[in-house]
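The values are calculated or read from the model by the stated rules, or taken from the named source; none is laboratory data. Predicted model, so just to flag it, every value in this text is computed and none were measured. Neighbour counts run over all protein chains shown; Cβ positions are idealised from the backbone, glycine included.
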Amino acid sequence: MSNFLIITNVIHTKENNQYYGYSPYINEMNIWIKFADQVTIVAPLASRDITPIDSAYDCNNLTFKKVPDFSFTTLKNRITSLVKLPIIFYKIFIEMNRADHIHLRCPGNMGLIGCFVQVFFPSKTKTAKYAGNWDPESKQPWTYKLQKKVLSNTFLTKNMKVLVYGNWDKQSKNIKPFFTASYLESEKEVIEKDDFNLGIKFIFVGSLTDGKNPLYAVKLIEALIKKGYNVSLDLYGEGINRDLLLNYVNANNLGMKISLKGNHDRRTIKEAYQKSHFVILPSVSEGWPKAIAEGMFWGCVPIATKVSCIPYMLDNENRGILLEMDLEKDCQKIEYILEETAVYKDKNKKAADWSREYTLDVFQKEIKEMI
């Protein structure tokens with residue numbers, strides 16, 4: 001394949017002639033672009049510092065086409081977006097015309113424009129990765145719903161495979177259930193967890209925002225502490241709720257049991273999973289929650305909300321705990337596993353066995369077959 005085009009909403013930055021972005025996205029795209037001679041990226045570009053959760057593209061022949069970032073969240077943003085949109089449409093159209101394969105990253109504003117422009121190129125091979133919640137019954141912004149409608153309309157969208165998380169009923173023929181992977185087959189190691197008597201470790205990995213609901217995770221651990229359990233929680237990530245969480249922890253004298261670790265690199269997070277008994281994510285919305293899949297890979301029993309494909313990932317609690325978002329009920333579910341170590345070990349094994357089927361080796365093989 002000659003020219004592989006990526007249309008994405010991910011904000012990039014440039015340093016030493018390399019383009020950086022959010023690590024999970026970049027690491028995945030580095031697998032896609034292995035099979036291309038030339039890569040073109042159309043995306044926003046900003047001047048900012050490189051952080052531990054950023055990575056660079058691994059490509060010697062990469063062309064970056066900068067477009068302005070835009071949104072429709074406020075009246076002012078809508079007005080300025082009207083000026084930006086013609087420029088973005090034009091750039092995307094030109095690059096799609098030059099491309100041999102078109103790849104859209106959805107949902108997002110850039111993905112939305114890409115959905116409409118790709119209609120003019122019915123004969124080109126295309127893929128779209130819908131990284132959000134594909135559940136037809138879920139409440140989502142109208143722009144997300146519009147992208148889903150265009151992508152699944154085989155009259156408008158031709159010659160495209162749309163990769164989605166979960167297996168949903170009554171889908172068009174171009175919709176393909178998919179997954180995301182983080183670890184190689186060669187990284188599999190024997191999982192050994194400390195005995196509960198030495199302390200029970202919970203881990204949260206994600207942005208400290210309302211959408212990920214880290215405060216609920218903190219309150220769950222607080223409730224378990226009050227019930228006499230020797231539990232602790234480490235939160236990895238940054239976000240606008242950091243001060244709120246820190247204030248809550250300090251106000252309730254939880255500093256010895258709950259720690260905000262901030263952003264860390266892949267190796268540190270991996271080691272944290274290996275030492276933890278449970279991974280918790282009380283998210284409002286998800287696509288394929290990597291924190292849950294990664295934690296399961298290392299034998300953490302997952303505790304997560306009933307959104308998107310999470311009930312499928314947890315096999316309706318055979319591999320973990322589905323949160324009711326009722327503090328007392330959720331505590332009771334966790335307490336049962338803490339008291340029944342055989343149940344914990346069963347879920348621990350089932351979680352690891354399932355997650356370890358989705359390695360980067362399998363992911364790469366699937367990608368190669370599609371493009």
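Residues that are modelled with pLDDT under 90, in contact with a Phe, Trp or Tyr (Cβ under 6 Å, 6 or more places away or on another chain) and either in the same structural domain as Arg266 (by TED's automatic domain parsing) or among the charged types (D, E, K, R) (or both) are absent from the stretch 52-71 altogether.
Applying the condition of being over 24 Å from the mean Cα position of the chain (by Cα) and in a loop (DSSP other than H, G, I, E, B) to the stretch 48-76 and asking which residue is surrounded by the fewest Cβ atoms within 10 Å (Cβ to Cβ) yields Asn60. Looking only at the stretch 251-272, which residues are assigned to a helix (DSSP H, G or I) and either touching a helix residue (DSSP H, G or I) at 6+ places or on another chain (Cβ under 6 Å) or among the hydroxyl-bearing types (Ser, Thr, Tyr) (or both)? Thr268 - this is the single residue of the stretch 251-272 that is assigned to a helix (DSSP H, G or I) and either touching a helix residue (DSSP H, G or I) at 6+ places or on another chain (Cβ under 6 Å) or among the hydroxyl-bearing types (Ser, Thr, Tyr) (or both). Kindly indicate the residue of the stretch 318-371 that is within 20 Å of the chain's Cα centre (by Cα) and hydroxyl-bearing (Ser, Thr, Tyr) and also nearest to Asn30 (Cα to Cα) among those meeting that condition. Going through the qualifying residues, I end up with Thr359.
Look at (1) of a type in the set (Gly, Ala, Ser); (2) out of contact with any strand residue (DSSP E or B) (no Cβ under 7 Å at 6 or more places or on another chain); (3) loosely packed, with under 15 Cβ neighbours inside 10 Å; (4) touching a residue at least 24 places away in the same chain (Cβ under 8 Å) and you find that Ser259 fails only one, number (2). The residue that is nearest to Lys347 (Cα to Cα), counting only those in the stretch 178-211 that are in contact with a Gly (Cβ under 9 Å, 6 or more places away or on another chain) and among the aliphatic types (A, V, I, L, M), is Ile191. Of the numbered criteria (1) within 21 Å of Thr305 (Cα to Cα); (2) modelled with pLDDT of 95 or more, the one Thr125 fails is (1).
Return yes or no: is Ile87 surrounded by 14 or more Cβ atoms within 10 Å (Cβ to Cβ) and either hydrophobic (A, V, I, L, M, F, W, C) or touching a residue at least 60 places away in the same chain (Cβ under 8 Å) (or both)? Here the answer is no, as Ile87 does not meet what is asked. When restricted to residues that are within 20 Å of the chain's Cα centre (by Cα) and more than 28 Å from Gly21 (Cβ to Cβ), the stretch 250-265 contains 0.
With respect to Ala99, is the statement that it is modelled with pLDDT of 95 or more, of a type in the set (Gly, Ala, Ser) and under 21 Å from the mean Cα position of the chain (by Cα) true? When the stated conditions are applied, Ala99 does not pass them. Scanning the stretch 3-18 for residues that are of a type outside the set (A, V, I, L, M, F, W, C) and crowded, with 20+ Cβ neighbours inside 10 Å yields a count of 3. Screening the stretch 322-340 for residues that are among the hydrophobic types (A, V, I, L, M, F, W, C) and surrounded by fewer than 17 Cβ atoms within 10 Å (Cβ to Cβ) and picking the one that is nearest to Ala304 (Cα to Cα) gives Met325. Scan the stretch 93-113 and tell me whether some residue there is within 19 Å of Val150 (Cβ to Cβ), part of a strand (DSSP E or B) and among the basic types (Lys, Arg). Yes, there is a match, as at least one residue in the stretch 93-113 is within 19 Å of Val150 (Cβ to Cβ), part of a strand (DSSP E or B) and among the basic types (Lys, Arg).
Are any of the residues in the stretch 243-253 assigned by TED's automatic domain parsing to the domain that holds Val301 and within 22 Å of Pro289 (Cα to Cα)? Looking through the stretch 243-253, at least one residue is assigned by TED's automatic domain parsing to the domain that holds Val301 and within 22 Å of Pro289 (Cα to Cα).
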